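Below: the structure, in C-alpha cells.
The values are calculated or read from the model by the stated rules, or taken from the named source; none is laboratory data. All figures in this text were calculated on a predicted structure; none of them were measured in a lab. Glycine also receives a Cβ, built like all others from the backbone with ideal geometry; neighbour counts cover every protein chain displayed. Accessible surface areas use protein heavy atoms only, side chains included; no ligands, DNA or RNA. Shrake-Rupley method; radii C 1.70, N 1.55, O 1.52, S 1.80 Å.
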Amino acid sequence: MRATSNPKTLRRLLSRIRDVMAGTGTAQARLDLIVSAIAGDMVAEVCSIYVLRPGEVLELFATEGLKATAVHQTRLRIGEGLVGNIAAQAQPLALADAQSHPQFAFRPETGEEIYQSLMGVPILRDGRVLGVLVVQNRTHRRYTDEELEVLQTVAMVLAEMVAGGELVNRDELLHADSNALLPSRIAGTKFGDGIGIGAAVLHQPQFVLSKTVADDPVSERKRLHNALSDMHGALDKMLSAAPFKAGGEHAEILEAYRMFALDTGWASRIEEAIDSGLTAEAAVQKVRNDIRTRMSQVADDYLRERVQDFEDLANRLMQHLMGVPNVFDKARLPENAVVVARTMGPAELLDYDRERLRGVVLAEGSATSHVVILASALNIPVVGRVKAILERVGDGDQIIVDGDNGQVFLRPDQDVLEAFNESQAQQADRQAYYAEVRNEPAVTRDGTRIGVQINAGLLLDVGHVKESDLDGIGLYRTEIPFMVRQHYPDVPEQVEFYRKVYELAAGKPVTFRTLDVGGDKILPYWDSAEEENPAMGWRAMRVALDRPALLRQQIRALVRAAAGQDLRVMFPMVAEVAEFRKGRQLFEMEYARAQAAGAVLPRSVALGVMLEVPSLVFQLPALLNDVDFVSVGSNDLFQFLFASDRGNPQMSGRYDPLSPLVFRLLTQVLADCRAADVPVAVCGEMASRPLEAMTLIGLGFRALSISPSTVGPIKAMIRSLPVPPLQAFLDSLLDGPQHSVRETLKAYARDHGIEA
Ligand code: PEP
Ligand code: MG
C-alpha cells in the first residue's frame, strides 16, 4: 500500500498536527497524538520521534507502534544504528530492507524486529540536528521521494516544537556538551590576522515559529510576496550605502548576492511549500533545510559557499515576515562584539557596526569565502572552521579570537585574558609604530635603496600603493577578480577593470601577471576536470598556451587599458624558454592588432616571467636574452624544489627556505640576472617575512614585492639593516649542509639590532 502524497494529503496531515499542537494537554500527550497521526496518514505501522539529549544521545520520546515501555528508555548515540546515523549525517534515509543495512542496530526493548522497512529524516533547525523522525513498515516497502518530502515537512514542524522548549529545556539545545560552561580553547583555521576580544554575538537569529501550519495558502503567499518586496527594497538600500559602493570586487560580490535575492526559483520553491500547508515562515525554513541537505553533499567549495548567500537571504526574509526588529541593530551590539556564525554571507557582515566589531568566528567557511575576503579588507580578525563552536558558545560569553594562530578561547580564565590583553596592547603599539614606518623611505642603514612594491589582487589592495612610500605593484594577480565573478569577464569588462587598477595605482608601475588559474585557483564557472596533482597540473601558462584565445583576450584587454601608460606583463608557471616565447608571440599578435586598429598604444611594454618552476633556473642564460624582467615566485619555486605541497599544513616547516641550498640557488639566479643585466625581484611570501626579506637583501636582491599588510614590518627591518656585514656573513654560510640556518640568522639580527 502507498500513502498518497499530494499536497492535499500533506495539508490534511499538517492541519491535524496543528490542531493537536493547539490543543490542551501536556507536551508529551500532544507528541503521542502527533506520532499516531503521522503513522495513520503515512500508512506506516510505526512512527517514532527521537530527541537529542545532552551527551549526544537520541532518546525515544514518543512512538506509535513500538513498545510504549521503550519511551524515554531507548537511547542511541549519534552514529549508532540507523537512527543515530541519520542524525550523524543530518541526511534522510529510506530503506526497503532496513535490517540488512550494516548500520542496523536492533534494540530488543522496542520490539522493532518485525519491521522490515524504515524511512527516517533528521529534525533540523538552524542547521543543527535536534532529533530524528522515523516511520517503519512490516513489509519491504519502497518509500517514494514524495513520501520522504512529506516526512521532511513534518520534521520541520516538529523542529519548532522541540525548539520551543516544551519537550526539553532550551538550555539543553544550546549547550550540547556537558562541559559547555568551562573555559576552553578551540582550534580552528586562521582566516584573518589579529586579536579580537569581546562578547559573543550569535549571528544566527533565533527564530521560534509560533505557527507552522496554515489554512489559507493564498494569504500566506501574499505575506510572502510582501515580505520579498520589502526585503528587496531594504537590500537595495543597504547595499548602496555599503562602504564598498565605490566599485571593485566587493561591489561585485554584493551584486552577485543581490542576484540571488531575485532568484525566482528560490521564491517559487517557497510558494510550493506554502501550497503544501505551511505558513510562509515555515515554508522559508523548509526550503532552507532542503538546500542545506542537498548542498552538504556537494564537494564543490564554491557552490557550498553560495548556499550561505541563500541562508543569509532566508534570515532576512524571516525578519520581514515576522516583523522581528533587525537583530543586527547597532544599538543591540555590545561595545566589543565578536560575531559567531556557522558561516555568513558577505552582506551580513556589513550589517554589523564596524566600530564595535572585534572579530568573527565561523564554524565553517573557507579562505576564499566572500565574508572572509570582506573581513580581511576591513582588517577584522577571523578564525574559521572552529568545530562545534555553535554548540558551545552562548550569547554574551566572553571570547578571544586569535586570528594570528587560528584559535579561539571561550570564557577564558583571567590569566589567559590578561595575556591576550597585553599582547593586544603590544600589537596596538607595534601597529602604531609600523603605521609610521610605512611612510618612511626603504633605505638601509648603509644607504642602500631597496625597491618595495606590493602584491595585489583586490582593488582594495591596489589602493594601498598611494598610502605609503611604495614603488608600485610588483605582482598583480589577475585571477583574483576572475575568481569572485559569476561569469568569465569579456574583454570590455576586463579593460574596465584593468583601467581601474591603473587609476588606483596613480602613476606607479603595475606588473600584471596573466591568469594563474587551475590547480587550487578554481574559477566558479570553469568546468575543470579533477586532477590527481593539481599544483603540477593544467594551470596557469599551460592553460593559456592550450587555450590561446583566453590569453589573447586578456592581453587585448591589458593593451587597451594601458593606452598611454607603461605596460608590464609577466607569465606564471613557465617551465621552459619555449613557453615564454609562445606567450610573447601571442602578446605580439595582440599588440600588432591594436596597432593596426589605430588604438592608442601603451607608452612602453615590458614582458617578464615568474621564476617559480625549478626547471627554468637551469635555462636562465637563454631565457634572459628574451625577457625584460624576472620575478621569483618563491611559494611555488620551493614547493617544487622540495617536492613539498605549499598548502598542506603537515608539510609546513618541514623544509626551510632559510637554508644554504636555497641560498645557493638564489645566488645563482642573481648572478645570471646580473650578468644579463635583467632586473630581478622576489614576489613570493618569503619577501613578506622580515627575517627572510633580510636574507634576500643580504644575498643581493634589491627589489621585493610584498603583501600590503607587511609593509610596516619589512620597512622597519630594512631601515635597521646594515647590508655589507650581512653579505659577508651569508657568504660564509653558502656551502653548509644545514637543514636550516634560521636560528643563526635570528641571532645575527638580534646582535646587529636588525628588526627582523
Ligand atoms: C609564488 O608562487 O610565489 C607566487 C607569488 O605566486 P602565487 O602565490 O600566486 O602562486
Ligand atoms: Mg605561484
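Roughly speaking, what is the centre-to-centre gap between segment 423-466 and segment 547-583 when only Cα atoms are used, to the nearest Å?
30 Å
To the nearest 0.05, what FRET efficiency results for Asp677 and Gln427 with a Förster distance of 45 Å applied to their C-beta separation?
0.55
Compare the peptides 563-572, 726-735 by average per-residue count of other Cβ atoms within 10 angstrom and give them in order, highest first.
Order by mean packing, descending: 563-572, 726-735.
Of all DSSP beta bridges in the chain, what percent run antiparallel (nearest 5)?
Taking every DSSP beta bridge with both residues in the chain, the antiparallel ones total about 55 percent.
Could you tell me which residue out of Ser615, Gly55, Ile78 lies farthest along the dipole of the chain toward its positive end? Charges go on the beta carbon: Lys and Arg +1, Asp and Glu -1, centred on the Cα centre.
Of the listed residues, the answer is Ser615.
In segment 362-466, if the dipole is taken from +1 on Lys/Arg beta carbons and -1 on Asp/Glu beta carbons about the Cα centre, which of Tyr434, Val401, Ile450 is farthest to the positive end?
After comparing all options, I get Ile450.
Please report the Cα spread of segment 685-729 along all three principal axes, rounded to whole Å, starting with the longest.
30, 17, 14
By how many nm would the segment from Ser732 to Ala643 grow when fully extended, if each residue of separation counts as 0.36 nm and the alpha-carbon distance is taken off?
The span from Ser732 to Ala643 would gain 29.3 nm if fully extended.
Could you compute Rg(Cα) / (2.2 N^0.38 Å) for segment 612-756, with N its residue count?
1.02
Enter the per residue convex hull volume of segment 328-428, computed from alpha-carbon coordinates, in Å³ rounded to the nearest integer.
101 Å³
Send over the semi-axes of segment 708-749's equivalent ellipsoid, whole angstrom and largest first, taken as the square roots of 5 times the C-alpha gyration tensor eigenvalues.
23, 13, 8
When the dipole is taken about the Cα centre of segment 524-596, and only Lys, Arg (+1) and Asp, Glu (-1) are charged at their Cβ, what size is it in debye, to the nearest 20?
Magnitude of the dipole: close to 460 debye.
Take the Cα gyration tensor of the chain, multiply each eigenvalue by 5, square-root it, and list the three semi-axes largest first, rounded to whole angstrom.
Calculated on Cα positions only, the semi-axes equal 56, 29, 25 Å.
Using the Cα centre as the reference, give the magnitude of the dipole from point charges on the C-beta atoms of segment 481-580 (Lys, Arg: +1; Asp, Glu: -1; all else neutral), rounded to the nearest 20 debye.
Computed about the Cα centre, the dipole is about 520 debye.
How much length is gained on full extension from Thr744 to Asp413, taking 0.36 nm per residue of separation minus their Cα-Cα distance?
Fully extending the segment from Thr744 to Asp413 adds 115.5 nm.
Return one quarter of the surface area of the convex hull spanned by the alpha-carbon atoms of segment 5-53, equal to its mean projected area, in nm².
Averaged projected hull area, Cα only: 3.9 nm².
Which whole-number percent is the relative contact order of the chain (Cα, under 8 Å, 6+ apart)?
Computed value for the chain: 10 percent relative contact order.
Hey, how many Å between the Cα centroid of segment 643-695 and the Cα centroid of segment 115-175?
Segment 643-695 and segment 115-175 have Cα centres spaced 56 Å from each other.
Of the peptides 582-594, 115-127, how do they stack up when ordered by the mean number of other Cβ atoms within 10 Å, highest first?
Most protected by this proxy first, the peptides run 115-127, 582-594.
Rounded to the nearest 20 Debye, what is the dipole magnitude of the chain about its Cα centre when Lys and Arg each give +1 and Asp and Glu each give -1 at the C-beta?
780 debye
For every helix of n ≥ 4 consecutive DSSP H residues, a contribution of -39,500 (n - 2.57) applies; sum these over the chain, divide by its total residues, and give [θ] at 222 nm rounded to the nearest 500 deg cm²/dmol.
Taking each H run of at least 4 residues, the total per residue is -14000 deg cm²/dmol.
Would you mind calculating the relative contact order of segment 382-496 from Cα pairs under 8 angstrom and at least 6 residues apart, reporting the percent as a whole number?
Relative contact order of segment 382-496: 14 percent.
Lys211: accessible area at probe 1.4 Å, nearest 10 Å²?
110 Å²
Can you give me the % of accessible surface on segment 369-430 that is carbon or sulfur? Probe 1.4 Å, all protein chains present, nothing else counted.
Using a 1.4 Å probe with all protein chains present, segment 369-430 comes out at 43 percent carbon and sulfur.
Report the calculated FRET efficiency for Gln650 and Thr24 (r = Cβ-Cβ distance, R0 = 56 Å), to the nearest 0.05.
0.40
I'd like to check one number: the per residue accessible area of the chain, probe 1.4 Å, reported in Å² as a whole number.
42 Å²
So, by mean Cβ neighbours within 10 angstrom, what's the order for 452-463, 352-363 with the highest one leading?
Averaged packing, sorted descending, gives the order 452-463, 352-363.
Once you put a point 7 Å from the Cα of Lys67 and another 7 Å from the Cα of His140, both along the Cβ direction, what distance in nm separates them?
Computed distance between label sites Lys67 and His140 equals 2.8 nm.
Taking 7 Å along the Cα-to-C-beta vector as the label spot, tell me the Asn169-Ala622 distance in nanometres, rounded to one decimal.
A separation of 7.7 nm, rounded to one decimal place.
At a 1.4 Å probe radius, carbon and sulfur cover how many percent of the accessible area of segment 601-756?
Taking all protein chains in place, segment 601-756 shows 53 percent carbon and sulfur surface.
Pull up the cross-link candidates among the lysines for Lys222, meaning alpha carbon to alpha carbon under 26 Å and not fewer than 8 places away within one chain.
Lys8, Lys211, Lys237, Lys286
With angles folded into 0 to 90 degrees, how steeply does helix 577-596 sit against the dominant principal axis of the chain? Use alpha carbons for both and round to 10.
Helix 577-596 and the main axis of the chain meet at about 90 degrees.
So for the chain, taking the charge dipole from beta-carbon charges (+1 Lys/Arg, -1 Asp/Glu), which of Pro102, Phe420, Gln639 sits furthest toward the positive end?
Gln639
Mind checking the full-extension length gain between Gln668 and Ala596? Use 0.36 nm per residue of separation minus the Cα-Cα distance, one decimal, nm.
Taking Gln668 through Ala596 to full extension adds about 21.7 nm, to one decimal.
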